[in-house]
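As structure tokens, the structure follows; a few thoughts come after it.
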Amino acid sequence: MNEFAYHRIHANGVTLNVAVAGSGTPVVLLHGFPQTHLMWRKVARELAGEHTVICPDLRGYGESDKPDGDYSKRTMAADAVAVARELGYSRFGLVGHDRGALVAFRAGLDHPDVVSHLMCLDVLPTLDMWEVMHGTSAAVGFHLYLMAQPAGLPERMIAAASDEFFGYFLDLWVKDPAAIPPEVRSVYLEASRRAIPSIVADYRASATIDVTHDSEDLAQGNKLRMPVTVIQQDWGAALGFDAAARWKAWTTDLHHQTTTAGHFMAEEAPDEISTAIRALLKR
């Protein structure tokens, strides 16, 4: 994103690669798997005319640090809060896709006075994700189970065919292949190839410590108190669960909608996502 200024921001014990552009009220955009901040290139440009747009590479991804150890969504959410603070913002809107949406969800629960508005694209909260995966339908999430295994074997298996592994999801989850052109696909594959241990650690956390944190919030009745928008493919209908009801249990002010775009909706339907973000920030 050439028109964006790039920063190396030391925050929460790591140095993160962060693209920033625009002016006005801030919005932080968190990418998903197997991607980098580049997935926001179309949406970010749309928003930069009226907002300060902040697009970090998550810890463990892209050009950000890839430390050993903690990839809990609590820690990754604290990264996002610290980045915004370093840029001078104590309150901001937050949008996450896929893995970034799980980070955004945790940020909303842990930092309700910092996250003013929240959008999550194409995920369920971690507890709900594991609950709806059952029987043969769970085969669609084989990567969740693979990367949940103890350190060692998953990393070696993925490293043996990394481009095929990460490319599989880029191909399977996109409805319009032209939305991820070859030069962008190449960036995603190269970045993921260099980040296998940290990507696996991120997923492993979602089968361990993230479950603990979400279970504690559920037991305490903790909910997202800010306006929330969730946009998903209609895979709830395909897998036999009510996605909106799942999200409603975690929110106090929810707008839930489905899209006909594929999983990579910020790239496939940037106008739809940009419009939804603007609407959310006005609530």
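Of all residues in region 148-177, those that are closer than 15 Å to Ala195 by Cβ have Cβ atoms under 6 Å from Cβ atoms of residues that are of a type in the set (Ser, Thr, Tyr), 6 or more apart or on another chain, in Phe166/Ser192.
Hey, does region 182-196 have a residue that's part of a loop (DSSP other than H, G, I, E, B) and surrounded by fewer than 21 Cβ atoms within 10 Å (Cβ to Cβ)? The answer is yes; a qualifying residue exists. For region 14-56, filtering for residues that are within 24 Å of Arg194 (Cα to Cα), in contact (Cβ under 8 Å) with a residue 60 or more places away in the chain and open to solvent by less than 10 Å² (accessible area, probe 1.4 Å) leaves 13. Scanning region 131-163 for residues that are at pLDDT below 95 and open to solvent by less than 60 Å² (accessible area, probe 1.4 Å), we see that the one that is farthest from Ala80 (Cα to Cα) is Ser137. The single condition among (1) exposed (fewer than 15 other Cβ atoms within 10 Å of the Cβ); (2) touching a strand residue (DSSP E or B) at 6+ places or on another chain (Cβ under 7 Å) that Leu118 does not satisfy is (1). Scan region 19-58 residue by residue and report those that are touching a helix residue (DSSP H, G or I) at 6+ places or on another chain (Cβ under 7 Å), farther than 19 Å from Arg8 by Cβ and among the acidic types (Asp, Glu). Hit for region 19-58 is Glu46, nothing else. Scanning region 235-283 for residues that are surrounded by 15 or more Cβ atoms within 10 Å (Cβ to Cβ) and β-branched (Val, Ile, Thr) gives Thr251, Thr258, Thr259, Ile273, Ile277. Look at (1) touching a residue at least 60 places away in the same chain (Cβ under 8 Å); (2) surrounded by fewer than 24 Cβ atoms within 10 Å (Cβ to Cβ); (3) assigned to a loop (DSSP other than H, G, I, E, B) and you find that Leu124 fails only one, number (2). The residues listed here are Arg278, Arg283, Arg193, Arg225; of these, the one that is modelled with pLDDT of 95 or more, of a type outside the set (S, T, N, Q) and in contact with a Pro (Cβ under 6 Å, 6 or more places away or on another chain) is Arg225. Residue check: Ala11 meets all listed conditions (1) crowded, with 24+ Cβ neighbours inside 10 Å; (2) at pLDDT below 95 but one, namely (1). Residues that are among the polar types (S, T, N, Q), more than 30 Å from His143 (Cα to Cα) and within 18 Å of the chain's Cα centre (by Cα) within region 21-37 are absent altogether.
The values are calculated or read from the model by the stated rules, or taken from the named source; none is laboratory data. As the structure is a prediction and not an experimental result, all values here were calculated from the model. When we count neighbours, we look across all protein chains shown, and the Cβ atoms used for this are built from the backbone with ideal geometry, even at glycine. Calculation scope for accessible area: heavy atoms of the full protein, side chains included, ligands and nucleic acids excluded. Shrake-Rupley method; radii C 1.70, N 1.55, O 1.52, S 1.80 Å.
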